[in-house]
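The values are calculated or read from the model by the stated rules, or taken from the named source; none is laboratory data. Here the structure is a predicted model, which means the values were calculated and not measured. Cβ atoms come from the backbone with ideal geometry, glycine included; neighbour counts cover every protein chain shown.
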Amino acid sequence: MADELANRITNELKDRLPDITNKNVLAIVNDVEHPTFYTKLLSNTEQLIVFTESSNIYKQLDEKSENFQKTPILNCAKFNNAELQNNLFDVILLIKSFNRLSVDEKQKMLKNLLKTLKVNGQVFVYESEWSKDNENHLNNPVDLIHYFNSAIITENEKYGFEFISSRPLRSYVESKQESFHICYIFKKITKQDDHATLQDFLDQQQYSTRGVLSYERIFGSGFVSTGGPDTTKEFVESFNLKSDQHVLDVGCGIGGGDFYMAKTYGCSVIGVDLSTNMVSIAYERLMSMSANKLKVSFEIGDVLHHEFKANSFDVVYSRDTILHIADKMSLFSRLYGWLKPGGQLFISDYACAPKNEWSKEFEDYVSQRRYVLLTVPEYGKLLESVGFKNVNAQDATDKFVECLKMELTRIESIKDDFIREFSSDDYDHLIEGWHKKLERCAKGDQRWGIFRARK
């Protein structure tokens, strides 16, 4: 059983790693029980330089050096003390070697990595310890992303890291219900605009941490989508989920729907979201539920660049998220490929009137939010065009309005508590926002669609 799990982990890590074939690779490896495990992953590099602070890891890797395509250069030393050529490596691997460092050592390592990594080169990071008892350890996996995003060096130009993805090793989730064996990928880039991506826009504006937590108070605990727990229970019940099934939640938010499905049905759920603020909160909630042994994990990244194996999921679920995605056809094609034959697709999403009927106010609203909206029929036809069958595209604006009114009643009933926790300005902003949604629906500009389909 242990060998089977080890093989699964090896294969999964191989899938997660950037391409290292015939590349110059730096590996910094510490705190691993079976370092030779990595020889299977790194055997075909052009050049491999390894740093470890463990004499035991050094010895084990040295004994296996004949398994490499070219003999690696092994160093039993601290990477931060090394003098390496600038722009030398195509790929750098940090295996349990970042979280263990002090704050100053982390910052020094990041600058050294930026110096020795080629532009567009990638850093792969694997960490599994997030202990609050260790003063060096980061408490939340999102903190590691913030460290990398903040690192800058200036030579002829300014360089930094671009975050690509954060993904757990599913082998641990499925076999041990351990959700925090996490792999990250970053890329070295020339820094020209610190706030150029959709992720930056979401995290710094619409989905700031404070904003997300205030939304949660109006939608209901654990939720940031229309109807909160009530619509979630209603919609999920129709899936007839079983404990051996797998669900992909696209735009998982803070994870309330994923926790509900895993707790209620025992199924395995992967939540994906582009917002680090959203997933940071989801991580905190999941950590507090560790005793429940849920098969839930969260991934951060752009679902248009994520890869899952074909025919992986019984259900693909998405709540009020796809309005942020312009290339819906590419997305729907990917979702179709990831679903098992006969698998179910469920989407709720903002929709709209035909564009030639939009009011100026609605045009400005959509532009400010960077939404990409379709009419309900257009949405349904697009799903059909990529191969989905039994497409049911329902204009559920009446239900949306009903939910908005219930949410207004909820937030008005806790006005004093909300203002104590946030502020009167935050309260007024939410109330105004919900009334404007009702006005847009009454004018016919804004619609809400529910879409069901099968592969």
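Against the conditions (1) within 31 Å of the chain's Cα centre (by Cα); (2) closer than 18 Å to Phe362 by Cα; (3) surrounded by fewer than 17 Cβ atoms within 10 Å (Cβ to Cβ), where does Lys443 fall short? Just the number, please.
(1)
Determine whether Ser297 is surrounded by 17 or more Cβ atoms within 10 Å (Cβ to Cβ), of a type outside the set (A, V, I, L, M, F, W, C), in contact (Cβ under 8 Å) with a residue 12 or more places away in the chain and closer than 21 Å to Gly449 by Cα.
no
On the given criteria, is Tyr365 in contact (Cβ under 8 Å) with a residue 40 or more places away in the chain, surrounded by 15 or more Cβ atoms within 10 Å (Cβ to Cβ) and either out of contact with any Gly (no Cβ under 7 Å at 6 or more places or on another chain) or aromatic (Phe, Trp, Tyr) (or both)?
Details: in contact (Cβ under 8 Å) with a residue 40 or more places away in the chain: yes; surrounded by 15 or more Cβ atoms within 10 Å (Cβ to Cβ): yes; either out of contact with any Gly (no Cβ under 7 Å at 6 or more places or on another chain) or aromatic (Phe, Trp, Tyr) (or both): yes.
When the stated conditions are applied, Tyr365 passes them.
Just the residues that are surrounded by 15 or more Cβ atoms within 10 Å (Cβ to Cβ) and not in a loop (DSSP other than H, G, I, E, B), please, taken from the range 66-88.
Within the range 66-88, Leu74, Asn75, Cys76, Phe79, Asn80 qualify.
On the given criteria, is Leu383 out of contact with any strand residue (DSSP E or B) (no Cβ under 7 Å at 6 or more places or on another chain), in contact (Cβ under 8 Å) with a residue 12 or more places away in the chain and either part of a helix (DSSP H, G or I) or of a type in the set (Val, Ile, Thr) (or both)?
Taking the combined requirement at face value, the residue does not satisfy it.
Out of the range 212-231, which residues are hydrophobic (A, V, I, L, M, F, W, C), in a helix (DSSP H, G or I) and crowded, with 19+ Cβ neighbours inside 10 Å?
In the first step, residues of the range 212-231 are kept if they are hydrophobic (A, V, I, L, M, F, W, C); the result is 212-213, 218-219, 223-224.
From the residues that got through so far, the ones that are in a helix (DSSP H, G or I) too are 212-213, 218-219.
Within the range 212-231, Val212, Ile218, Phe219 qualify.
Restricting attention to the range 131-164, which residues are modelled with pLDDT of 85 or more and among the acidic types (Asp, Glu)?
Residues satisfying the conditions are Asp143, Glu157, Glu162.
Kindly check whether there is at least one residue in the range 428-437 that is in contact with a strand residue (DSSP E or B) (Cβ under 7 Å, 6 or more places away or on another chain) and farther than 19 Å from Glu216 by Cα.
At the first step, the residues of the range 428-437 found to be in contact with a strand residue (DSSP E or B) (Cβ under 7 Å, 6 or more places away or on another chain) are 437.
Subset that is farther than 19 Å from Glu216 by Cα: none.
No: the range 428-437 contains no residue that is in contact with a strand residue (DSSP E or B) (Cβ under 7 Å, 6 or more places away or on another chain) and farther than 19 Å from Glu216 by Cα.
Quick check on the range 20-27. Is at least one of its residues surrounded by fewer than 21 Cβ atoms within 10 Å (Cβ to Cβ), assigned to a helix (DSSP H, G or I) and either on the phi > 0 side of the Ramachandran plot or within 28 Å of the chain's Cα centre (by Cα) (or both)?
No.
Under 6 Å by Cβ, and 6 or more places apart or on different chains, what pairs join a residue from the range 40-66 that is within 20 Å of Asn80 (Cα to Cα) with one that is of a type in the set (Phe, Trp, Tyr)?
Close Cβ pairs (under 6 Å, with a partner that is of a type in the set (Phe, Trp, Tyr)) amount to Phe51/Phe79; Thr52/Tyr58.
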